[in-house]
Amino acid sequence: MAATFKILDKTVGEIFAISRPNEPIIVMNAFSQKCTYDENEYLYRQKNPVKFLELAEIRFISVEQLMTNDGFVFFNTKKDCLNAYKILKQAKIGKKFIFDVEFDLKNHKKLFYQMAVFEYLDPNTVLYINKKKINFFEVFYKVIRRSGSHINQGDVLYKNFKLPKSFSNFRLNLYIKKYFKKS
């Protein structure tokens, strides 16, 4: 890690050093993380997202598994998408709902879902989905004990540019647009 930080520091320094005298420069990170090892959390990943969705009797045209515990599902119709949303939203382990699900309001044939269970699960854990009982570990596997988690804080390094001391990261593009409207 120390070597990586030294390389990043040198790279950012070089970017700032070669910039023209009044040229605005912004360098920011997209994600920051915090250590979560003491929180005793675990990550679970689908073994095969296609088979999982088929087992849940969800009609879809394709699925894209993302990082560790999430994915996008694509549908032929808005009706199929809404049905999948309901099925995934109602999936449970015991009394706990296990997925965060977001319906894409711009594209009514796409949804995002993410495993929202981080505690240790017993090998006999039962998943209840679409009126079915499935052994959780038939369709998921434990990836690892979680050591870090994304947080919504980051750093912005800048030169010849004015920014507030603190702001939400999604607002950065507003400040950039405002700057270029003045130019």
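Using Cβ point charges alone (K and R +1, D and E -1), the dipole size of region 43-183 about the Cα centre works out to roughly 700 debye. Suppose R0 equals 35 Å. What FRET efficiency, 1/(1 + (r/R0)^6) with r the Cβ-Cβ distance, do LYS177 and LYS86 give to the nearest 0.05? So, using R0 = 35 Å, E works out to roughly 0.35. Give me the lysines in straight-line cross-link reach of LYS109: C-alpha distance below 22 Å, same-chain residues under 8 apart excluded. Of all the lysines, those that pass the test against LYS109 - Cα under 22 Å, at least 8 places apart if same chain - are LYS51, LYS78, LYS79, LYS86, LYS89. Region 4-21 and region 84-123 have their alpha-carbon centroids 42 Å apart. Return the label of the correct value of Rg and Dmax of the Cα atoms in Å, as calculated from the structure shown, out of [x] 20.1, 90; [y] 21.7, 65; [z] 19.0, 63. Checked against the structure: label [y].
Relative to the longest principal Cα axis of the chain, at what angle does helix 172-182 sit, 0 to 90 degrees, rounded to 10? Helix 172-182 sits at roughly 40 degrees to that axis.
The region of the chain that goes longest without hitting one of the trypsin sites (Lys or Arg not before Pro) in a DSSP loop, each with at most 13 other Cβ atoms within 10 Å, is 48-94. Taking PHE167, PHE60, PHE99 in turn, the Gaussian network model of the chain (Cα-Cα springs below 10 Å) assigns the largest fluctuation to PHE167.
Candidate cross-link partners of LYS162 among the lysines, defined by an alpha-carbon separation under 19 Å and a same-chain spacing of 8 or more, comprise LYS177, LYS178, LYS181, LYS182. Between SER32 and ASP100, the modelled labels are 1.8 nm apart [label points 7 Å from Cα along Cα→Cβ]. GNM remark for the chain: springs join alpha carbons under 10 Å apart, and the peak mean-square fluctuation among ASN76, ASN48, ASN160 falls on ASN160.
Legend: calculated FRET efficiency, ASN76 to GLU119, from the Cβ-Cβ distance at R0 = 25 Å, rounded to 0.05, equals 0.10. A Förster radius of 35 Å combined with the Cβ-Cβ distance from TYR42 to THR11 puts the calculated FRET efficiency at roughly 0.50.
Laboratory data are not the source of any read-out in this text; all were calculated from the coordinates shown. Only a predicted model underlies this, so the values are computations on that prediction, with no experimental measurement involved. Note that we place each Cβ from the backbone using ideal geometry, even for glycine, and neighbour counts take in every protein chain shown.
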